[in-house]
Amino acid sequence: MSEPFLPPQHKEPHEDYLNATYGIRSWLLTTDHKRIALLYLVSVTFFFFVGGIFATMIRIHLLTPSGALVTPETYNKLFTMHGVAMIFFFLIPSIPAVLGNFLIPLMIGAKDLAFPKINLLSWYIYIIGGCFVLYSFGTGGLDTGWTFYTPLSSIYSNSAVTPAVIGIFINGFSSILTGLNFIVTIHTMRAPGMTWFRLPLFVWAHYATSLVMILGTPVVAITLLLAGLERMFHLGFFNPALGGDPILFQHLFWFYSHPAVYIMILPSMGVVSEIIPTLARKPIFGYSFIAGSSIAIAVVGFLVWAHHMFVTGESTYAALTFSFLSYLVAIPSAVKVFNWTATLYKGSISWDTPMLYALGFIGLFLIGGLTGLFLACLGLDIHIHDTYFVIAHFHYIMVGGAVMGYLGGLHFWWPKITNKLYPESLSRLAAVILFIGFNLTFFPQFILGYLGMPRRYHTYPPEFQVLNVLSTAGASILALGYLLPMAYFAWCMRYGKTAGMNPWPATGLEWKAPSPPPTENFLVTPEVNWEPYDFHSRPDLGLAAGAPLAPAHGDD
Amino acid sequence: MQAQLPLYPEQASNFAPHVDGLMLFISTICLFFAVAITLAIVFFFFKYHRHEAHAVGAPFHGDLRLEATWMILPLILAMAMFSWGAVIYVDYRRMPQDTLDIYVIGKQWMWKMQQPNGIREINELHVPVGRNIRLVLASEDVIHDFFVPAFRVKMDVVPGHYNMMWFRPTKPGRYHFFCSQYCGTNHAVMGGWVTVMEPSDYAAWLAGARGGEANPVVAGEKLFTEKACITCHVANGTGRAPSLNGVYGAEVLLADGSKVTADDAYIRESILQPAAKIVAGYQPLMPTYQGQVTEEQILALTAYIKSLQSQPVPPKGAGIAPTAGKK
């Protein structure tokens, strides 16, 4: 189509959340969940860049066995800061605080979250926490590993540990408040007719995520605070010389940090559970099993933490218990994958970009999840624990899974958020580049790990070089894959075609609001009288009934 | 022997073939599921591609039998993986009886090894092939981890704890060991080589090795006097603290009525935190030696106390639980 482009305000005469008010104050003091979502979008993208630069330097450094780029001290800081920036300031807030914030009220037919001011407060808390962490990065850096194991972090490290743990402590409250806001909103603000089993699976996933945020985050916040107090005031919590126990730190740390993986992956699963039925135009297979498995993952996920500690010398009985429970948590994840696959059967599958991301997610999550079975296995974990096998495994889950889901979600809801369409071929290409680049980067690391290369090594025996070079080559492809969407998302804000209200079309309530939605979301409070993902009894979508289709995303 | 790009490290211990077998088992199952699901997705992706803009997919919502199948079948396979892994893990953790004990101390950023006869090595470990080797691991500072890929063994070295690991080398040769728990600046160079030797070569090496000046028992005996332990722990049981003759490996009766086996960890704790476990009939008089003795000195003291195993236990003042009057 060769429409003449016009600035958005000419094309969309209605008042929406973007043009309702102007000026920096109207953004920094907004209580509109959609604007706060965009504030988060900008901030998490910034931290993704920070973490990404560290990752790039790590991969360049590992091109040669003796280390190509930096000193050992700097290398240790690079992987630590990469982990801290990516996990606490990008992955954990990414989908919930950006897409969840934007979409949950729209999806359940509400005007905003239950506590709009607390929503804004949680963004400010995130920013303050982020400033502390950036201060730590800027004044000497951080070299403890993102896991902050004691007594290295509390006694022996000479880097800026204190501001970093304070920053993460503060940031934790942002997560807690967001989770609280979501749970209250989902309980109390659903539109008439929006029963629990009509909720989009994205909302179920966020409900489960919020449970983990509320119950887990306080534990890690206090744990890091204790490590900070031990460092500042020599109180003996974890240092054996002061009567503490370093293993206690690991229990407390993983009690949150294992469930934190589910904070990262559950929202992604929610995104995929929206994209697949919508772009296959078919009810999702096993709705209640997908919804229930999210809750099961959140609950059982709290009972597996000590599988990070099979080689610390923990008791054999504890190891057996935690291995057993870790295998149990694999089942609900498997249930999701099977149900998504079954949803594709006899669908009407569009090849639009979000579908490519969703399928890419399944492929990468599949590998990440299955390799979790290796690590949960007591007899195998002894050999592969703390090697590159673990690095590959959790990147498959947290980058392959969570980030593919995040990008898939951005592509899926970008037309709603901005009312703009991004270039299709380029966006499909980016999805393919990401998938290939990701596998090339991280698959060799499974082999490296089994061969025995430990993690967090700035130098390594020469026999590991070939696989490291492959991995770095893959990383450069991967980097291109991440830069492309940023470029065309920015480009289409000005030059993209107008998307319209429901371009896919989809069945969710958020697609009944104008694009971009007005500040109050819905002009009249919607009433829900349809089942989720039901394309057959929805003549308003203009599909099976034969009505003309809304300008779709260039589907052929 | 191995190709340019091997898929697994050399197999040089009793554990290695078992671990690789387990790896093959889990890999096969996972590969089956990965390939099956990927093929299904790719097939559906092309087969059901939307050719007509208004088309809608078939309206079915689920199938309970299918859901049950894909919950129960993976659960059974997962339990098989769990069980096989558990069997091997228990094997790792159950120490055999007739071990050759070597003390390993990790500190930023080196490894110190001590052979039973006192010979010391740094970042090198010599062991005979075919013997059960037990490593007693201690740390002077942060958490380290002793990892030998060719043996498929790994154990954290935790300050304040003794951890044990065992293996039986099956193939002479030199094998990398690594520190596998991040421990600070030079973590990546905190490694070395395990040399597995024929028993006769090992014996010759022990005889000819240098650096064995201090037999740990002798060093421990000296420390026992220097640190004034001897003023209270009098051998004939007349001191203010129990005699240590025969105590190693025996059961000790505590003031609270419970019993504890006097192993390395108990002795270490009694030196560093004497108030933690008080022997029945004695006052908590002993000062702590926390910060005054190094891990190596504790090992020497332990070796000395171990050597008192064969000494006559005095009838009174021994601290050994009366029922366990062995030796």
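The values are calculated or read from the model by the stated rules, or taken from the named source; none is laboratory data. Predicted, not measured: the structure shown is a model, and the values here were computed from it. Every residue, glycine among them, receives a Cβ derived from its backbone with ideal geometry; neighbour counts consider all protein chains shown. All accessible areas refer to the heavy atoms of the entire protein, side chains included, with ligands and DNA or RNA removed. Shrake-Rupley method; radii C 1.70, N 1.55, O 1.52, S 1.80 Å.
A few comments on the model shown:
- Residues being at the interface with chain A (Cβ under 7 Å from one of its Cβ atoms) and either among the basic types (Lys, Arg) or over 30 Å from A:Trp504 (Cα atoms) (or both) - total across segment B:20-47: 5
- Residues satisfying the stated conditions in segment A:358-394, i.e. over 16 Å from B:Trp84 (Cβ atoms) and among the acidic types (Asp, Glu): A:Asp386
- Only one entry in A:Phe412, A:Phe389, A:Phe394 is surrounded by fewer than 24 Cβ atoms within 10 Å (Cβ to Cβ) and either assigned to a helix (DSSP H, G or I) or modelled with pLDDT of 95 or more (or both), namely A:Phe394.
- Residues in segment A:340-367 that are at the interface with chain B (Cβ under 10 Å from one of its Cβ atoms) and touching an Asp or Glu at 6+ places or on another chain (Cβ under 7 Å) were compared, and the one that is nearest to B:Tyr48 (Cα to Cα) is A:Ser350.
- Contacts under 7 angstrom Cβ, first residue in segment A:117-140 being farther than 12 Å from A:Val165 by Cα, partner modelled with pLDDT of 95 or more and aromatic (Phe, Trp, Tyr), 6 or more apart: A:Trp123/A:Tyr40; A:Ile125/A:Phe173
- Residue within segment A:480-502 that is within 28 Å of A:Asp143 (Cβ to Cβ), modelled with pLDDT of 90 or more and within 24 Å of the chain's Cα centre (by Cα) present: yes
- Members of segment A:469-503 found to be within 14 Å of chain B (Cβ to nearest Cβ), buried (at least 19 other Cβ atoms within 10 Å of the Cβ) and assigned to a helix (DSSP H, G or I), listed by number: A:Ser471
- A:Pro462, sole failed condition from (1) within 14 Å of chain B (Cβ to nearest Cβ); (2) over 25 Å from B:Ala12 (Cα atoms); (3) out of contact with any helix residue (DSSP H, G or I) (no Cβ under 7 Å at 6 or more places or on another chain): (2)
- The residues in segment A:309-334 that are at negative phi, in contact with a strand residue (DSSP E or B) (Cβ under 9 Å, 6 or more places away or on another chain) and facing chain B (nearest Cβ under 7 Å) can be counted, and the count is 2.
- One residue alone among A:Leu39, A:Leu62 is touching a Ser or Thr at 6+ places or on another chain (Cβ under 7 Å) and either modelled with pLDDT of 95 or more or among the aliphatic types (A, V, I, L, M) (or both), and that residue is A:Leu62.
- Taking the numbered list (1) touching a helix residue (DSSP H, G or I) at 6+ places or on another chain (Cβ under 9 Å); (2) in contact (Cβ under 8 Å) with a residue 40 or more places away in the chain; (3) in a helix (DSSP H, G or I) in turn, A:Leu78 passes all entries but (2).
- Test: residue in segment B:222-241 that is out of contact with any Leu (no Cβ under 7 Å at 6 or more places or on another chain), open to solvent by less than 40 Å² (accessible area, probe 1.4 Å), closer than 17 Å to B:Ala300 by Cβ and at pLDDT below 85: no
- Here A:Leu134, A:Leu229, A:Leu225, A:Leu215 are screened, and the one residue that is crowded, with 19+ Cβ neighbours inside 10 Å and among the hydrophobic types (A, V, I, L, M, F, W, C) is A:Leu134.
- Subset of segment A:196-212 (residues that are in contact (Cβ under 8 Å) with a residue 40 or more places away in the chain and surrounded by fewer than 21 Cβ atoms within 10 Å (Cβ to Cβ)): A:Phe197, A:Arg198
- Here the condition is being in contact with a Lys or Arg (Cβ under 9 Å, 6 or more places away or on another chain) and in a helix (DSSP H, G or I); of B:Phe60, B:Phe44, B:Phe33, it holds for B:Phe44 alone.
- Near pairs, Cβ below 8 angstrom, 6+ apart or cross-chain, from segment B:48-60 (within 15 Å of A:Ala506 (Cα to Cα) and facing chain A (nearest Cβ under 7 Å)) to any residue that is modelled with pLDDT of 85 or more and not in a loop (DSSP other than H, G, I, E, B): B:Gly57/A:Ala280; B:Gly57/A:Ile349
- All of A:Leu279, A:Leu266 fail the test of being more than 12 Å from chain B (Cβ to nearest Cβ), surrounded by 24 or more Cβ atoms within 10 Å (Cβ to Cβ) and part of a helix (DSSP H, G or I), apart from A:Leu266.
- Residue that is more than 21 Å from B:Ile102 (Cβ to Cβ), free of Cβ contacts under 8 Å to residues at least 24 places away in the same chain and of a type in the set (Gly, Ala, Ser), where the choices are B:Ala250, B:Ala241, B:Ala275: B:Ala275
Yes/no per residue for (1) buried (at least 17 other Cβ atoms within 10 Å of the Cβ); (2) among the acidic types (Asp, Glu):
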| site | (1), (2) |
| --- | --- |
| B:Pro17 | no, no |
| B:Met23 | yes, no |
| B:Phe45 | yes, no |
| B:Ala53 | no, no |
| B:Ala58 | no, no |
| B:Glu67 | yes, yes |
| B:Trp84 | yes, no |
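- Filter pass, A:Val337 being facing another protein chain (nearest Cβ under 7 Å), assigned to a helix (DSSP H, G or I), among the aliphatic types (A, V, I, L, M) and open to solvent by less than 10 Å² (accessible area, probe 1.4 Å): yes
- A:Pro518 over 26 Å from the mean Cα position of the chain (by Cα), within 14 Å of another protein chain (Cβ to nearest Cβ) and surrounded by fewer than 21 Cβ atoms within 10 Å (Cβ to Cβ): no
- None of A:Val399, A:Val466 is open to solvent by 10 Å² or more (accessible area, probe 1.4 Å) and without any contact (Cβ under 8 Å) to a residue 24 or more places away in the chain except A:Val466.
- Contacts under 6 angstrom Cβ, first residue in segment A:340-363 being in a loop (DSSP other than H, G, I, E, B), partner of a type in the set (A, V, I, L, M), 6 or more apart: A:Lys346/B:Ala58; A:Gly347/A:Ala280; A:Ser348/B:Ala55; A:Ser348/B:Val56; A:Ser350/A:Leu279; A:Asp352/A:Leu279
- A:Thr45 being modelled with pLDDT under 90, open to solvent by 20 Å² or more (accessible area, probe 1.4 Å) and of a type in the set (Ser, Thr, Tyr): no
- Looking only at segment B:120-159, and only at residues there that are surrounded by fewer than 22 Cβ atoms within 10 Å (Cβ to Cβ) and in a loop (DSSP other than H, G, I, E, B), the one that is nearest to the other protein chains (Cβ to nearest Cβ): B:Asp141
- Qualifying residue in segment B:87-100 (condition: open to solvent by 50 Å² or more (accessible area, probe 1.4 Å), of a type in the set (Phe, Trp, Tyr) and within 14 Å of chain A (Cβ to nearest Cβ)): no
- Considering A:Ala298, A:Ala260, the condition of being among the hydrophobic types (A, V, I, L, M, F, W, C) and under 30 Å from B:Phe60 (Cβ atoms) is satisfied by A:Ala298 alone.
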